[in-house]
Structures are given as structure tokens and as C-alpha cells.
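Novice: One structure coming up, written as C-alpha cells, with questions to follow.
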Amino acid sequence: MIKLLGTVPKHAYIAVSGGVDSMAALDFLRNGGKRELVVLHFNHGTEHAKEAEGLVRSYCLNKNIPAVFGKIDEEIPKGASREDFWRKKRYAFFERAASSGGTKGPVITCHHINDVVETWLFTSFHGNPMLIPPKRDFYIRPFLLTKKDDLVSWGNRREVPHVFDPSNNDLRYMRNYIRHKIVPSAKRVNPGLEKVLRRKIMLSFY
């Protein structure tokens, strides 16, 4: 079941990649016409990115959803982490778009409890276990208590279109390695890991 953490305002921006998580989250928040959202989409310049941007553009046009699009405008510095470079550029775009746009409201990102588990494991391995914060600056993350499977189920039931990024299965990226290799083992040690981290998130929020 999709459960929102906190109150999502009527007017807000929402980061949408075109993947199943964010497309389902967008549809969920717009269900019933309670909210007026502006979509923010960032093109990372990959082969997959063109398809993702095309889907988001088409969806927003068909649903009459205002959207702002950005893209990578420079080469990745030699020796830099591709994931970290993309993340910094993506968030810089979000901040420019939200600060210069006409809509006044936070930027919603669609992180869920699976992302929380992966982040907590990754940072724990580096000696500094961290949770994804429910709020940071003008970002809010209302889906942190929700499982990815629940978002997928919502999207499937409502036939929400999405694209699949094949790089999500590329184990050269540390996030994917943790997701596919480490998380299953961690859940063998503690099957209630998600429940434990949900409690921590709720304590940090309330």
C-alpha cells in the first residue's frame, strides 16, 4: 500500500525520470485532481535517456501537465564518478527550475524504502550509516515509507506508461551491486530491515 509521509502541498514540483517509480508516484499524487504539479525531467545524455525524455514529454502533453526539461551540458570529468556527476547536475537543474519557475512549492523526489535500505547499507560500509532525509532544503520525499513493489503495482493497475533503463542491471554501478547482490543477503540476516529503517525515518520526521 502506498503511504505518504507527511502532507504533500497542492502546488509542487516533482522529479520524474520516466521509470516506473516516478511515473507511478506522479499518477498517484495527481489522482483525484487534488494537486497541481510541475514535472521536472533531466536527461543524462545516455542512450536510454532519449527514450525516457520522449515518454515524459508525451505523457505530460497528453495529460496537460506542465513540465520543465534539462540535460547534461558537459563531459564527465576524467576520473570522476559518473553517478555522482549525474546526481550533482540533476539536483542543480532541479534547484534552477524550482527557483525560477512560477510555481511556489517544494520539489518532490520519489525515493522509497528500497532506496533507503540501499543508501543505509552503502553509507554503513563507509563507516557513516545515513538515512535518506524526509526533508532537505526545499526537497520533500513523501514516499520513503512505501515499497517499490507498491508503486509498481499502482502503475500496473492504472496502466501508467514507463520506460526501463537497462543500466539498472549493470553491476559496475555500486548502487546496482548493492541492490542486486548485497540487499538480499542483508535481508537474510534481518528480514525486518525495512521495518527497522521505517521506524528510524518516522522518528526523524516526527
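Novice: Carbon and sulfur together cover what percent of the accessible area of the chain at a 1.4 Å probe radius? The partial results should precede the final answer.
Specialist: Details: 6130 of 11870 Å².
The C+S portion of the solvent-accessible surface of the chain is 52 percent.
Novice: Do any trypsin sites (Lys or Arg not before Pro) in region 86-120 lie in a loop, going by DSSP, with at most 11 other beta-carbon atoms within 10 Å of their beta carbon, and if so which?
Specialist: Values: sites: Arg87, Lys88, Lys89, Arg90, Arg96, Lys104; in loops: Lys104.
Filter output for region 86-120: Lys104.
Novice: For every helix of n ≥ 4 consecutive DSSP H residues, a contribution of -39,500 (n - 2.57) applies; sum these over the chain, divide by its total residues, and give [θ] at 222 nm rounded to the nearest 500 deg cm²/dmol.
Specialist: Values: 8 runs with 94 residues, N = 206.
It lands at -14000 deg cm²/dmol.
Novice: Do me a favour and compute the ellipsoid semi-axes for region 128-206 from its Cα gyration tensor, root of five times each eigenvalue, largest one first, whole Å. Numbers along the way, then the final one.
Specialist: Details: eigenvalues 100, 80, 43 Å².
With the √(5λ) rule applied to region 128-206, the semi-axes are 22, 20, 15 Å.
Novice: How large is the convex hull of the C-alpha atoms of the chain per residue, in Å³? All intermediate terms of the calculation are to be shown ahead of the outcome.
Specialist: On the way: hull volume 27.6 nm³, N = 206.
Enclosed volume per residue, from the Cα hull, is 134 Å³.
Novice: Where in region 102-118 does the label zone of Thr7 land, with the point 7 angstrom along Cα→C-beta and an amide N cut-off under 16 Å?
Specialist: 105-106
Novice: Between Ile140 and residues 5 or more places away or on another chain, which pairs have amide H atoms under 5 Å apart, with H built 1.01 Å from N, and which residues are they?
Specialist: Val107, Ile108, Thr109
Novice: Right, here's the next one. Can you work out the Karplus-derived ³J(HN,Hα) for every residue in region 149-166? Use 6.51 cos²θ - 1.76 cosθ + 1.60 with θ = phi - 60°, whole Hz, and x for glycine or proline.
Specialist: Per-residue couplings from phi come out as 4, 6, 5, 4, 4, 4, x, 5, 4, 9, 6, 7, x, 7, 10, 10, 8, x Hz.
Novice: What residues have an amide H closer than 5 Å to that of Val39, excluding those fewer than 5 places away on the same chain, when H is modeled at 1.01 Å from N in the peptide plane?
Specialist: Ile14, Ala67, Val68
Novice: With both bridge residues required to lie in the chain, what share of the DSSP beta bridges run antiparallel, to the nearest 5%?
Specialist: Numbers: 2 of 16 bridges.
Around 10 percent antiparallel, to the nearest 5.
Novice: So what does the Cα-only Debye profile of region 14-101 read at q = 0.10, 0.20, 0.26 Å⁻¹, as log10 I(q)/I(0), no solvent term?
Specialist: Normalising to I(0) and taking log10 leaves -0.27, -0.97, -1.41.
Novice: Using the charge dipole of region 79-206 (Lys, Arg: +1 at Cβ; Asp, Glu: -1 at Cβ; taken about the Cα centre), state which of Thr119, Tyr173, Ser99 has its Cα farthest towards the positive end.
Specialist: After comparing all options, I get Thr119.
Novice: To the nearest 20 Debye, how big is the dipole of the chain about its Cα centre, given +1 on the beta carbon of each Lys and Arg and -1 on that of each Asp and Glu?
Specialist: Values: 34 positive and 21 negative charges, 145 e Å.
Charge dipole of the chain: 700 debye, to the nearest 20.
The values are calculated or read from the model by the stated rules, or taken from the named source; none is laboratory data. No experiment lies behind these values; they were computed from the predicted model shown. Backbone-built Cβ (ideal geometry, glycine too); neighbour counts: all protein chains shown. To get the accessible areas, we keep the full protein, side chains included, count just its heavy atoms, and leave off ligands, DNA and RNA. Shrake-Rupley method; radii C 1.70, N 1.55, O 1.52, S 1.80 Å.
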